[in-house]
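Read-outs: derived from the displayed coordinates by stated rules, not from any lab. Because the structure is a prediction, the values reported are computed rather than measured. Cβ sites come from the backbone with ideal geometry, for glycine too, and all protein chains shown count toward neighbours.
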Amino acid sequence: MEIRAIMVIGAGQMGSGIAQVAAQSGFSTLLHDISMEAVQKGLLAIRKSLAKFVEKGKLSPEEMEAALARLTPCDDLAAAAECDLAIEAVVENMGVKAKIFRELDRLAPPNAILASNTSSLPITEIAAVTGRPEQVIGMHFMNPVPLMKLVEIIRGLATSDETYEAIEALSRRLGKTTAECRDVPGFISNRVLMVMLNEAIWCLYEGVASAESIDTIMKLGMNHPMGPLTLADLIGLDTVLAILQVLQDGYGDPKYRPCPLLRQYVKAGWLGRKSGRGFYRYA
Ligand code: NAD
């Protein structure tokens with residue numbers, strides 16, 4: 001099937017990034033969130049990101065305007081009737097995602113593919129709430145979406161080859177490289193990454209070193225582009241905690257036990273970059 005129109009549900013940091021890349025790649029793109037205010041916030045982030053590309057000479061002002069013109073804001077899921085592919089990027093919570101997939105299944109055309117950008121939740125379980133589990137798939141973009149090359153593709157138990165191939169081809173049209181992973185908690189990316197982020201938070205909690213030292217050691221010592229605490233702040237500490245909980249529940253292994261300091265920060269509303277404060281402060 002040919003994918004022409006894409007709907008992105010959730011206009012936060014991931015949803016707005018996905019919508020930006022879809023619009024830049026020539027797709028008619030619907031951006032949805034619970035309120036028009038939230039959608040407008042996402043659109044503002046897209047405008048800022050596109051303007052940076054223009055500043056750097058990587059995009060012309062005309063291309064920026066054309067991308068913006070392909071974006072349609074909406075706060076009603078009924079708009080799913082217009083799409084060939086829906087990509088869900090709302091909070092990392094199974095209850096919320098299941099509710100959206102039930103609705104999308106009812107509203108989207110019968111041949112539409114329903115994808116989730118979940119970081120860790122089982123695609124099979126998400127697919128099972130729909131009447132079209134063979135057309136449900138995990139499409140895990142990396143943050144920040146406009147800059148990061150990878151899409152980790154996760155097949156649920158029932159995902160068809162046709163759906164997989166359509167999503168692989170689409171990811172390439174979005175300028176991304178894909179890698180396939182089985183449907184296990186945290187997939188590959190977050191099963192491996194979260195252990196490191198959590199361990200860095202434990203080091204801070206135990207007073208082994210300052211946040212700056214931990215990040216400098218991992219950044220310069222391992223040649224990572226950013227330290228683990230900076231990366232946790234970028235991902236969002238609520239998302240990091242949610243993923244660790246999925247890993248702990250899924251594998252039952254204490255190595256995934258979230259550090260109490262992480263729980264405390266989330267309770268305080270210190271969610272990282274998006275809330276202005278996490279392990280570091282942001283203006
Ligand atoms: P975020 O907090 O920036 O955005 C979430 C958005 O979802 C918010 O705008 C919120 O208003 C919206 N939302 C909540 N409930 C909704 C509903 N019922 N209908 C429509 N919109 C709703 O979070 P994020 O970082 O963009 O993460 C979104 C998803 O992407 C999560 O599943 C997360 O695990 C995954 N993800 C995150 C990262 C990352 O680095 N942050 C990377 C890859 C995948």
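For the range 107-209, the set of trypsin sites (Lys or Arg not before Pro) satisfying both a DSSP loop assignment and a count of at most 13 other C-beta atoms within 10 Å is given as 149, 182. Close amide H pairs (under 5 Å, H built 1.01 Å from N) link residue 83 with no residue at least 5 positions away or on another chain. Every helix of 4 or more DSSP H residues in the chain counts as -39500 (n - 2.57), and over all residues that averages to -15000 deg cm²/dmol at 222 nm.
Using the Cβ of residue 108 as centre and a radius below 12 Å, the other residues enclosed give a net charge of -2, where K and R count +1 and D and E count -1. Our summary gives the chain a relative contact order of 13 percent, counting only alpha carbon pairs under 8 angstrom and 6 or more residues apart.
Taking Cβ atoms as reference points and 15 Å as the exclusive limit, the residues near residue 275 contribute a net charge of +4, counting Lys and Arg as +1 and Asp and Glu as -1.
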